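A quick write-up on the structure given underneath.
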Ligand SMILES: Cc1ncc(COP(=O)(O)O)c(C=O)c1O
């Protein structure tokens, strides 16, 4: 075996020994939050299609009928700054800016590209970033690519955050606070009122990633900042289109100057082919519908609350306060064994293991979708309790 192959094999063995090996599995989405895997059907408790739009056949038919006379291309052919931008891209950005009552919006190809491109563009040597310890990998990688000093405060510990703000108040550069709104692996929520108060008190810049909250929270589905009535006090609000929007891409809303600056400096915006026009057409089609999906949002929240209550009855501790319901198990091997048993019973669950989450906090991350009916969750709490408590 050559040294390169030997190194790969050694590392894969090490991943196996820690029960951390990941594999790609092909699934076929079905209606009502179900999926088919290897010819067997499951209730999908692992997706991010929170409003159930990706599998909504009648909505997809309506969309394709709406573009029947004007077929949208599957590729854009160039970056936005060369010849990849069409009127529908600006239309989407204008709609987002209007909805969020911000001066401007800018669409990126994914949440990953946005966070890992915007942060290094914004941050300078001498700046300080205070980031929640559980921020998503794309935020962490964006920070790693920057020249700023980064301190990660304990998860949701705003007293500690304020102490850090006081300690560093007179440092030369700007201070940025970076957080998610609904945390992706814990399902818990940032207190954006408190964070905006700290931003105002200490003159910090507030960067909020609402990937798991857009479409799902707030009267119009604008996210947690809408729900907590602080939209006007967030400097950069990020949403992604790959989850509740059932599309692809991400956006930032903020000032005109911010978007002009990013168009000129964010490398992951400049040096990449624009999103496929058909995807942008879908986002323009679905955006006003999502704004109106209040009932779906309420039903989703109610289902999640009921699931938490049922799990509590069976002495299963859960975290969070959203459509993401984590069940902490600890060791990765334990989580993998639980997954296998639950899949046998028709529940498609995933073990979330390090490095996605901190060591010894492997968990089942149950995520719900408005496409599901309450009855489809019958039996889940009992069966989960039997599996994890045996
Ligand atoms: C908080 C957060 N931000 C960004 C992303 C990345 O978004 P995308 O999947 O569009 O790359 C994710 C993905 O899971 C996420 O959870």
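Table for the structure above
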| item | result |
| --- | --- |
| Residue within segment 180-188 that is assigned by TED's automatic domain parsing to the domain that holds residue 134, within 14 Å of the ligand (Cβ to nearest atom), assigned to a loop (DSSP other than H, G, I, E, B) and touching a helix residue (DSSP H, G or I) at 6+ places or on another chain (Cβ under 6 Å) present | yes |
| Residue 193 being surrounded by fewer than 24 Cβ atoms within 10 Å (Cβ to Cβ), in the same structural domain as residue 266 (by TED's automatic domain parsing) and part of a helix (DSSP H, G or I) | yes |
| Where residue 275 falls short, out of the listed (1) crowded, with 21+ Cβ neighbours inside 10 Å; (2) within 27 Å of residue 37 (Cα to Cα); (3) modelled with pLDDT of 95 or more | (2) |
| Subset tally (residues that are within 20 Å of residue 214 (Cα to Cα) and either without any contact (Cβ under 8 Å) to a residue 24 or more places away in the chain or out of contact with any strand residue (DSSP E or B) (no Cβ under 9 Å at 6 or more places or on another chain) (or both)) for segment 265-284 | 4 |
| Candidates 287, 224, 236, 194, filtered to the one that is in contact (Cβ under 8 Å) with a residue 12 or more places away in the chain, farther than 26 Å from residue 73 by Cα and away from the ligand (no atom under 14 Å from the Cβ) | 194 |
| Test result for residue 155, without any contact (Cβ under 8 Å) to a residue 60 or more places away in the chain and within 22 Å of the chain's Cα centre (by Cα) | yes |
| Segments classed as helices (runs of 4 or more DSSP H), wholly inside segment 288-390, with at least 1 members that are within 18 Å of the chain's Cα centre (by Cα) and surrounded by fewer than 20 Cβ atoms within 10 Å (Cβ to Cβ) | 294-313 |
| For residue 91: the one exception among (1) without any contact (Cβ under 8 Å) to a residue 60 or more places away in the chain; (2) surrounded by fewer than 21 Cβ atoms within 10 Å (Cβ to Cβ) | (1) |
| Cross-chain or 6+ apart pairs with Cβ under 7 Å, segment 165-186 first and farther than 25 Å from residue 328 by Cβ, then more than 10 Å from the ligand (Cβ to nearest atom) and in a helix (DSSP H, G or I) | 165/198; 165/202; 169/202; 175/165; 175/202; 177/195; 177/198; 177/199 |
| Residue 215, sole failed condition from (1) within 30 Å of residue 329 (Cα to Cα); (2) touching a strand residue (DSSP E or B) at 6+ places or on another chain (Cβ under 7 Å) | (2) |
| Exclusive hit being surrounded by 20 or more Cβ atoms within 10 Å (Cβ to Cβ), away from the ligand (no atom under 16 Å from the Cβ) and modelled with pLDDT of 95 or more, set 218, 249 | 218 |
| Any hit, segment 34-48, residues being closer than 15 Å to residue 370 by Cα, in contact (Cβ under 8 Å) with a residue 40 or more places away in the chain, touching a helix residue (DSSP H, G or I) at 6+ places or on another chain (Cβ under 7 Å) and not in a loop (DSSP other than H, G, I, E, B) | yes |
| Qualifying positions in segment 241-266 - part of a helix (DSSP H, G or I) and within 20 Å of residue 86 (Cα to Cα) | 256, 259, 260, 262, 263, 264 |
| Those residues of segment 196-206 which are in a helix (DSSP H, G or I) and under 17 Å from residue 166 (Cβ atoms), in sequence order | 197, 198, 199, 200, 201, 202 |
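The values are calculated or read from the model by the stated rules, or taken from the named source; none is laboratory data. For clarity, every value in this text was computed on a predicted model and none was experimentally measured. With ideal geometry, Cβ positions are generated from the backbone for all residues, glycine too; neighbour counts draw on all protein chains shown.
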